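For reference, the structure discussed in these notes is given below.
The values are calculated or read from the model by the stated rules, or taken from the named source; none is laboratory data. Everything quoted here is computed from the prediction, not taken from an experiment. Positions of Cβ are generated from backbone atoms using ideal geometry, with glycine treated the same way; all protein chains shown enter the neighbour counts. For accessibility, only protein heavy atoms count, side chains too; no ligands or nucleic acids. Shrake-Rupley method; radii C 1.70, N 1.55, O 1.52, S 1.80 Å.
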Amino acid sequence: MKGTTAILLLLFGFYTSFATNKANVLRGESFVTVNTIPEEIEIIISQALTKKGFQILKDVLPNEEIFYVDLFVFQFPADYPTITITIRTTKGIHFIDKERIKIFGDRNSANLKLASRLAERLPDNIDTNIFFKPTFNDILSNNRISIIGLSSNAITKGYRSNYSTSIKWSDNTITDFIIPNEFDNYVAYISNYQGIRKQLRGTVIKLKLKINLGAKFELVDIVSPFDLTEKQKGMIQEFINSFPLWTIDKPIDNIELDFGIK
């Protein structure tokens, strides 16, 4: 089972429903998340869903009810590796679960173990009559309080308050973000300006994007006011890879995302 996105089919009697699965490894300056390979986590979840009757497909299908399965993989400074999973449709979030690990050696192995624990607790059926309205902190929350963690958060909070973000959808199409009214906050948390903070102050980097058939952001081009190294381009790609799935039934082109520092 390979590929960055797994599309899943589940039969409920005469009713057919579909889902897409994505692991978002959050590597912004607010986190110390290990560079876990997203596909390894996606495979764990996909295999668990297959055992429950899901069939793996390649792309989302138009005019069908889609279940969007997102995993947020993160670790705050002086905190535990954590994964939050959400399952939603265009109507809202119908399932949410979270797992953290307190004792661990290798952090990558810890993330894979967390994914396996969540996979074991996946529901056999998704009740679309049940709705959850998690806040930003419900999905990305600290698990423990420490002096190191508080100090680190104070520093990154100062950075985040100066970040500037704007997004322009093609033909004025606006696609709902998983957490209503929290797009800018999410972007601030997953941003990484290490090495370009001084150059970026007072200006922006423009990212040209599309949402592909897998319901994911795809980086088309980077327009920067200064030259970027390959490492910096890789950081931007990690940034784009950290966005959760978009609730679409067809690809969307010509999206522009500007990010910079005030």
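Accessible area per residue (1.4 Å probe, heavy atoms of protein chains only) ranks Ile261, Ile43 as Ile43, Ile261, with the largest value leading.
A simple rule links phi to the HN-Hα coupling: the Karplus curve 6.51 cos²θ - 1.76 cosθ + 1.60 with θ = phi - 60°, which for the stretch 196-209 gives 10, 4, 5, 5, 8, 4, x, 9, 9, 9, 9, 9, 9, 10 Hz, with x for Gly and Pro.
Among the protein heavy atoms, those of Ile44 account for about 40 Å² of accessible surface (1.4 Å probe, every chain in place).
Just tell me which aspartates and glutamates come within less than 12 Å, Cα to Cα, of Lys208; anything on the same chain fewer than 8 places away is out. Correct list for Lys208: Glu218, Asp221, Asp253, Glu256, Asp258.
Rolling a 1.4 Å probe over the protein chains gives Tyr189 an accessible area of about 30 Å². The orientation-averaged shadow of the Cα convex hull for the stretch 21-112, equal to a quarter of the hull surface, comes to 7.0 nm². Modelled label positions at Ile37 and Asp249, each set 7 Å beyond Cα in the direction of Cβ, lie 3.6 nm from each other. Taking Lys98 as the anchor, which lysines have their alpha carbon closer than 26 Å to its alpha carbon, excluding any fewer than eight residues away along the same chain? Within the straight-line cut-off, Lys98 pairs with Lys2, Lys22, Lys51, Lys52, Lys113, Lys133, Lys157, Lys216.
When Trp246, Trp169 are compared by accessible area of protein heavy atoms, the largest-first order is Trp169, Trp246, using a 1.4 Å probe. By the rule of a C-alpha distance below 20 Å, with chain neighbours fewer than 8 residues away ignored, the aspartates and glutamates paired with Lys262 are Glu29, Glu182, Asp184, Asp227.
Quick one: pull the percent of accessible area on the stretch 207-262 belonging to carbon and sulfur, 1.4 Å probe, ligands and nucleic acids left out. Carbon-and-sulfur percentage of accessible area, whole number: 46.
For the stretch 161-262, the Cβ-based charge dipole about the Cα centre amounts to some 420 debye (Lys, Arg positive; Asp, Glu negative; other atoms uncharged). A simple count of charges around Lys91, restricted to other residues whose Cβ falls under 15 Å of its Cβ and scoring Lys, Arg +1 and Asp, Glu -1, yields -3.
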